[in-house]
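To start, the structure itself, in structure tokens.
The values are calculated or read from the model by the stated rules, or taken from the named source; none is laboratory data. Predicted, not measured: the structure shown is a model, and the values here were computed from it. Cβ: placed from backbone, ideal geometry, glycine included. Neighbour counts: every protein chain shown.
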Amino acid sequence: MRLMTMLRSENGTRTAQRLLVPAAVLAVVTLGTAAVPSGAATTSAAAPPEETASAVAGVVQTAMADGHLRAVIVEVTQGGEVVARQAFGTSMDGVPATTDMHFRNGAVAFTYLGTLLMQFVDEHEVGLDDTIDRWMPDLPEADEVTLRMLANQTSGYPDYETDPAWEAAWSADPFHIWTFEERLAYAFSRPAVFAPGTNWSYAHTNFMILGEVLARIGGKPLDQLLQEKVLDPMGLTDTVASVTSDVPDPVLHTFSSERRAALGIPPATAFYEESTFWNTQWGTPMGANETTTIDDLATTAAQVGTGALLSEGSYHAMTDPDLLGFGHSDPSCAPSCFTQVEGYNFGLGVVRSGSWILQDPLLAGISGTTAYLPSQQIAIAVAVTYLPGAFDAEGNYPNAADHLFRLIGAVVAPGEAPPMPPG
């Protein structure tokens, strides 16, 4: 997941490009009424698949030209049937992107963590309001922080990813494999940003700790638990965990300019480097650093969006907009703390945007979205890579996959389109 606002650390170093938080903080709080893109065709549930595919392709091609996108892979399903699946652009120069290519899924793994947590709740192994001192008593406020707070970002734990020292270390070596202990030390080198349960603020620290706790609850490494209890039951055949930088063939290559500022490269100097094999274990719990395909992203959207592996009560606990109106800005956690609104509110490992349930990571030169509209059984999956023109003079770039999902959602479900930021 990733905050689309360009956060800055205390020393001015850019931190936003690796944040795994979905949607834009500053844009999200002003997300407005859903609208069909100007000039775009719309389709209905009864439209032939070829009509929907053509409308989606039109939206993608326009967005690629406007947003300097290298490749887009998209899949739309309704009621489990594929109505659009296509790849556009190139993986590398001269190598077309294809729908079977593998790429990193970042925060999509958090939907699997939320599912695993709620499975343990359904099995009466834990309760959401159990405090984590049962498993990790040495953590700060462990007797006050609950499983629910870790999953919905209300623990008050500081985010190690916003620590200037961590940012500098990552920028110096994006191939480094970050251990749990290393990240824990960075996280708690600073005090809590608020008392547990009193505010909302996104922190990778929460999911990192939640993954460790889930492994202890299940008595197995997290990757094994996720494979046995979540990935296999969901039918995800191409979602694979690894602590290394490996990406299975065929690979969707990614490129980025996000280290420009950290490396001191002047804006007028061309800078665009391959980021395909940067190690992304830094942003997920040990055992949840994963690669996937567009088919698995679309399947994930439907499986998570319907609560296929959960009881009805656990599904609603995970996905209902329970935090609407909760949270407030505060200097100690700005800009990642804010009031949850209709356009963006956090569940347990998932995000609600209007009627849609989603995740939308941005990291290492790739953005992705997996989203589901329960009322119409529509799943949208998008993966995007970038051309040099997508990056600004400091190396910042937008979550184009999230933007494309909203455009596509407005086309295929105009009556329940995802909220769009103004403009």
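Return yes when ARG148 is modelled with pLDDT of 95 or more, basic (Lys, Arg), assigned to a helix (DSSP H, G or I) and within 21 Å of the chain's Cα centre (by Cα) and no when it is not. The answer is yes for ARG148. Tallying residues that are in a loop (DSSP other than H, G, I, E, B) and not β-branched (Val, Ile, Thr) within the stretch 67-116 yields 11.
When ILE132 is tested against the conditions (1) more than 24 Å from the chain's Cα centre (by Cα); (2) buried (at least 21 other Cβ atoms within 10 Å of the Cβ); (3) under 22 Å from ALA381 (Cα atoms), the lone failure is (3).
Picking from residues in the stretch 281-302 that are polar (S, T, N, Q) and surrounded by fewer than 24 Cβ atoms within 10 Å (Cβ to Cβ), the one that is farthest from ALA165 (Cα to Cα) is THR291. Restrict the check to the stretch 212-220 and report whether at least one residue is closer than 23 Å to ALA308 by Cβ, hydrophobic (A, V, I, L, M, F, W, C) and within 19 Å of the chain's Cα centre (by Cα). The answer is no; no qualifying residue exists.
Taking the stretch 250-261 as the range and being farther than 15 Å from TYR397 by Cα and either among the small types (Gly, Ala, Ser) or not in a loop (DSSP other than H, G, I, E, B) (or both) as the test, only VAL251 passes.
Yes/no matrix, rows are residues, columns are (1) within 20 Å of GLN78 (Cβ to Cβ); (2) among the hydroxyl-bearing types (Ser, Thr, Tyr); (3) in contact (Cβ under 8 Å) with a residue 24 or more places away in the chain; (4) out of contact with any Gly (no Cβ under 8 Å at 6 or more places or on another chain):
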{"site": "THR369", "(1), (2), (3), (4)": "yes, yes, yes, yes"}
{"site": "TYR372", "(1), (2), (3), (4)": "yes, yes, yes, no"}
{"site": "ASP392", "(1), (2), (3), (4)": "no, no, no, yes"}
{"site": "ASN396", "(1), (2), (3), (4)": "no, no, yes, yes"}
{"site": "GLY409", "(1), (2), (3), (4)": "yes, no, yes, yes"}
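Looking at (1) among the polar types (S, T, N, Q); (2) without any contact (Cβ under 8 Å) to a residue 60 or more places away in the chain; (3) over 30 Å from VAL83 (Cα atoms), can you tell me which one ASN345 breaks? In the conditions (1) among the polar types (S, T, N, Q); (2) without any contact (Cβ under 8 Å) to a residue 60 or more places away in the chain; (3) over 30 Å from VAL83 (Cα atoms), ASN345 misses (3) alone.
Yes/no matrix, rows are residues, columns are (1) out of contact with any Pro (no Cβ under 7 Å at 6 or more places or on another chain); (2) buried (at least 24 other Cβ atoms within 10 Å of the Cβ); (3) assigned to a strand (DSSP E or B); (4) modelled with pLDDT of 95 or more:
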{"position": "LEU358", "(1), (2), (3), (4)": "no, yes, yes, yes"}
{"position": "THR369", "(1), (2), (3), (4)": "yes, yes, yes, yes"}
{"position": "SER375", "(1), (2), (3), (4)": "yes, no, no, yes"}
{"position": "GLY389", "(1), (2), (3), (4)": "yes, no, no, yes"}
{"position": "ASP392", "(1), (2), (3), (4)": "yes, no, no, yes"}
{"position": "LEU404", "(1), (2), (3), (4)": "yes, yes, no, yes"}
{"position": "ILE408", "(1), (2), (3), (4)": "yes, yes, no, yes"}
